[in-house]
Every structure is written in C-alpha cells, then in structure tokens.
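Chemist: Can you read through this structure? Questions will come right after.
The values are calculated or read from the model by the stated rules, or taken from the named source; none is laboratory data. If you're wondering where the values come from, they're calculated on a predicted model, not measured in any experiment. For neighbour counting, all protein chains shown are included, and Cβ atoms are generated from backbone atoms with ideal geometry for every residue, glycine included.
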C-alpha cells in the first residue's frame, strides 16, 4: 500500500550498508591523515632536524680541533685514536706551492710542504673554509655517510692526496640535509678562495674550473690529475696541486655530481 502511494520503504539492510560505507570512508580518511602527518614529520626531520643537529655537531668539532691545535696536543681530532705520523714527502710533494702555481700570493717565495698526520677512518683532522659560502666545516677521513657525511662533515676520498701534497686532495659533502655543507657550491666563481687548515699549516687554493654536472660514477674527477671521463673537456692534463669538491646535483637528488676544482696558491705554516 505504501509503495503504491509513493512512500519509499527503507529497509534495515540499506541502513546497515550506508553505515558500513560511512565507517569505511571515515576510517580511510583517518588513515590518510595519519600518513600525511607521518610524511610531514619525516620531511621536517630530514630538512630541519638533521640539518640543525649536524651543523651544531660540525661547529663543535671545528671548535674542538682549534682548541687542540692551540694547545699543541698530539693527535688529529681524536675520534678514532692517535694517528700515525706521515712519511716524509717526496721531492715532488716538497716543492713549493708558489713554484707550482706561479708567483701566487706568497710572491714566489719557496715554501716546503708541511706533512699532516695520517688520519684514521672517520677521524676529523682538518677544517675547510670557503669565505664566499660562509662555510667552515670539519674534514674527516673517508666518505662514509653514517660516520662522516651525515655528521655534517666534509669527507676526504681515501687514496687521494692530503692538503698541500702534489696531486689531488678530493672531498665530498652533502648538498641537502645533514648539515648540507655544499648546498651553495654553485655560487662559487673562478678565483674564489678555498682554505684548508691542519695542525701544521693552512693551505689556500683558488677555484679554477667548475664542472656543473657529470655522472655519479665519473671516477676521473678524483684522480691525481683530475679529468672527467664523461666530459673530457673538463679537467687537467698535467700534474699539479689540486683540490676537488664534489656534491650531488640537482638538489634533493643523487643522480649526478657537481665538481669544483681549485689550484694551490699558498701555504702558511702554523
């Protein structure tokens, strides 16, 4: 009778189905909100917290190294024990920086290479300063993410030369997160100063060549005579006193590498 008069009959089963749909939609919405909050927290952790903690840790390490050098104590940063003294440099390594790079800032005066101690793996033993980038950061042995790069340090490629030695002193640093010391590396220009301080001396390099992008596996850029294997028009053909800075590019990716090369122009004993 009710159906014939146009009144809709609502069954209990219809109500239950609608109630179930509402619960499913509500539950799905809660899950999406929860996932969104978790993702936001992860982004905050990566982009803010890791930077904050790594920068603070790197600043403390720079201060610790400076205190240690000022006190004249032995060791080289101390994270992994006292290092072994380095062997005497070869005649090539002992040549003056000014003689290699021209008159340089020292006016051509001959100055011998001052050997640094041989650092152990993950040990911070030098300080990298880049005035244009307002950067002052520890240099540690090796490029381990967990033990070096994620601490906000710059890592030294093992097997490459040490500061002031003939050959290539090659370094790596994060472009983003964990202190991101090399975030603004693209701002460098030819002639900009790069300083490396050790217990025994301060070495000054001048930016010479910038390779905007190359393969992450381009090992030629850290060879003793650095030259890109992917883009061979970038690099050098003769031995010298080089520094290499490498980082990921573009930002927030690790697909390619950016490379900055510099040449040693002066050395100042401590």
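Chemist: If we keep just the residues of the range 190-214 that are at pLDDT 95 or above and outside any strand (DSSP E or B), which is farthest from residue 264 (Cα to Cα)?
Modeler: It comes out as 198.
Chemist: Among the residues of the range 235-260, count how many are in a strand (DSSP E or B) and closer than 14 Å to residue 161 by Cα.
Modeler: Residues of the range 235-260 that are in a strand (DSSP E or B), as a first pass: 235, 241-249, 256-260.
Of the ones still in play, those that are also closer than 14 Å to residue 161 by Cα are 241-245.
Final tally of qualifying residues: 5.
Chemist: While we're on this one: Mind listing whichever residues of the range 198-229 are in contact with a helix residue (DSSP H, G or I) (Cβ under 8 Å, 6 or more places away or on another chain) and farther than 27 Å from residue 138 by Cβ?
Modeler: Within the range 198-229, 227, 228, 229 qualify.
Chemist: Just a yes or no: is a residue in the range 150-157 at pLDDT 50 or above, touching a strand residue (DSSP E or B) at 6+ places or on another chain (Cβ under 6 Å) and in a loop (DSSP other than H, G, I, E, B)?
Modeler: Just the residues of the range 150-157 that are at pLDDT 50 or above, to begin with: 150-157.
With the extra rule that they be touching a strand residue (DSSP E or B) at 6+ places or on another chain (Cβ under 6 Å), the set shrinks to 153-157.
Keeping just the survivors that are in a loop (DSSP other than H, G, I, E, B) gives 153, 157.
Scanning the range 150-157, I find at least one residue that is at pLDDT 50 or above, touching a strand residue (DSSP E or B) at 6+ places or on another chain (Cβ under 6 Å) and in a loop (DSSP other than H, G, I, E, B), so the answer is yes.
Chemist: Could you grab the pairs with beta carbons closer than 6 Å, sequence gap of 6+ or different chains, first residue in the range 242-270 and without any contact (Cβ under 8 Å) to a residue 40 or more places away in the chain, second one in a strand (DSSP E or B)?
Modeler: Cβ pairs passing all conditions: 254/248.
Chemist: Can you name every residue in the range 217-232 that is assigned to a loop (DSSP other than H, G, I, E, B) and exposed (fewer than 14 other Cβ atoms within 10 Å of the Cβ)? Explain how you work it out, then say what you get.
Modeler: First, the residues of the range 217-232 that are assigned to a loop (DSSP other than H, G, I, E, B): 217-218, 223-226, 228-232.
Correct list: 217, 232.
Chemist: Let me ask another. Look at the range 127-149 and say how many of its residues are in contact with a helix residue (DSSP H, G or I) (Cβ under 8 Å, 6 or more places away or on another chain) and assigned to a strand (DSSP E or B). Show your work before the answer.
Modeler: Narrowing the range 127-149 to residues in contact with a helix residue (DSSP H, G or I) (Cβ under 8 Å, 6 or more places away or on another chain): 127, 132-133, 136-138, 140, 143.
With assigned to a strand (DSSP E or B) added as a condition, the list becomes 127, 136-138, 140.
Number satisfying all stated conditions: 5.
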